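Notes for the one structure printed next.
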């Protein structure tokens, strides 16, 4: 037998209704916020991610699925959705559309990392990107979209953490102070931090190593180094979120793991899965488009893992609405098969979900099957029903029955 690759997972019919429900809710919220869908390829040229995400990030240095195609071109399976959206924005001249342009995607993403609960080597991401506005109101808009979705889904124990990592000029000053603080301890830190110390010291704040986290706990705070413009932007965002009733906490340790972020960064976290975990993360990335060859374009957005969201909702005891047939039409004999098919067909034409037997079961077994698939009503069609032109409809939940003419079944049920 050929088994599924490590770090991947089948979405079975017994679970797919949860995905469909979440995807429907995502599309409802995006419609409310006038966010349009974009679909980008599963793979891109590797250079796109090297230039946008940053070669000192864990994603690029450790986790990308990269290979040479038959034309000897370096290709990478998409590790996240933002860079692909930016590439499409430039290549398809989307700036010609009315700005701001708000887009969302539902896409598989691929990262070669140790599989764990809620994170697989192939997982699925919902993301929102807003292009064209440098305003803190744009930051609040995408945060509000994420908050609305998570609230509508019934996520509990949810907290919003926000921070500002400033502009490139702010970070130059902060990086100098950070390196001065870390210089005496860097030899005791992990290899990743030693490498980042020279290339990108800000990434050290994102290290998951417990010893490194203890060392950086006393490091300078970037909020003490941001310029007046970045400070005003961050202050206004807090005022907007407060005015919109979105609770938040300023957390100066948030820097996010990708190099393209500037100014606002944020995370929605929860304790519903035990230890605190991130449900959604995002921020502003005003330099992303220009870094891959486009015109300077302010952008802000977020990404949210679908698998992790389902785990969270299951932990919250969420009852997902599932899809079940409204009617099951049981066939008493082969002679009545054509009549049964006609009834099923007409029900479907009228917009009613209907199912029948394909396994030549007995009537008793058909009713057991109707109960197993949670059909709302069951109807038996046999020779007597065909001759009389009437049949009984049974409501499966309580067994109540009602007689109907076959004409009613076909045309008005």
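Within the stretch 183-193, does at least one residue satisfy the condition of being assigned to a helix (DSSP H, G or I) and within 30 Å of residue 100 (Cβ to Cβ)? So that I can check it myself, show each step before the final result.
Looking only at the stretch 183-193, we keep the residues that are assigned to a helix (DSSP H, G or I), and these are 186-188, 191-193.
Narrowing the set further to residues that are within 30 Å of residue 100 (Cβ to Cβ) leaves none.
No - not one qualifying residue is present in the stretch 183-193.
Residues checked against (1) surrounded by 14 or more Cβ atoms within 10 Å (Cβ to Cβ); (2) more than 39 Å from the chain's Cα centre (by Cα):
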{"site": "340", "(1), (2)": "yes, yes"}
{"site": "345", "(1), (2)": "no, no"}
{"site": "356", "(1), (2)": "yes, no"}
{"site": "378", "(1), (2)": "yes, no"}
{"site": "388", "(1), (2)": "no, yes"}
{"site": "395", "(1), (2)": "no, no"}
{"site": "399", "(1), (2)": "no, yes"}
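Filtering the stretch 103-128 to residues that are farther than 17 Å from residue 306 by Cα and within 16 Å of the chain's Cα centre (by Cα) leaves only 103. Scanning the stretch 225-250 for residues that are under 26 Å from residue 177 (Cα atoms) and without any contact (Cβ under 8 Å) to a residue 40 or more places away in the chain, we see that the one that is farthest from the chain's Cα centre (by Cα) is 228.
For the stretch 271-313, a tally of residues being surrounded by fewer than 19 Cβ atoms within 10 Å (Cβ to Cβ) and without any contact (Cβ under 8 Å) to a residue 40 or more places away in the chain returns 6. Quick one: would you say residue 176 is in a helix (DSSP H, G or I) and within 24 Å of the chain's Cα centre (by Cα)? Judged against the criteria, residue 176 is not a match. The set of residues in the stretch 99-114 that are closer than 19 Å to residue 44 by Cβ, in contact with a helix residue (DSSP H, G or I) (Cβ under 9 Å, 6 or more places away or on another chain) and crowded, with 17+ Cβ neighbours inside 10 Å comprises 103, 104, 105, 106, 107, 110, 111.
Restricting attention to the stretch 148-173, report how many residues are assigned to a helix (DSSP H, G or I) and either touching a strand residue (DSSP E or B) at 6+ places or on another chain (Cβ under 9 Å) or over 18 Å from residue 261 (Cα atoms) (or both). Lay out the reasoning, then the answer.
Restricting attention to the stretch 148-173, the residues satisfying the condition of being assigned to a helix (DSSP H, G or I) are 148-153, 168-173.
So of that shortlist, the ones also either touching a strand residue (DSSP E or B) at 6+ places or on another chain (Cβ under 9 Å) or over 18 Å from residue 261 (Cα atoms) (or both) come out as 148-153, 168, 170-171.
Going through the stretch 148-173 one residue at a time, the tally reaches 9.
Bear in mind these aren't lab numbers, they're just calculated from the coordinates by the rules spelled out. Please read all numbers here as calculations on a predicted model, not as lab measurements. All Cβ positions, glycine included, derive from the backbone under ideal geometry; neighbour counts span all protein chains shown.
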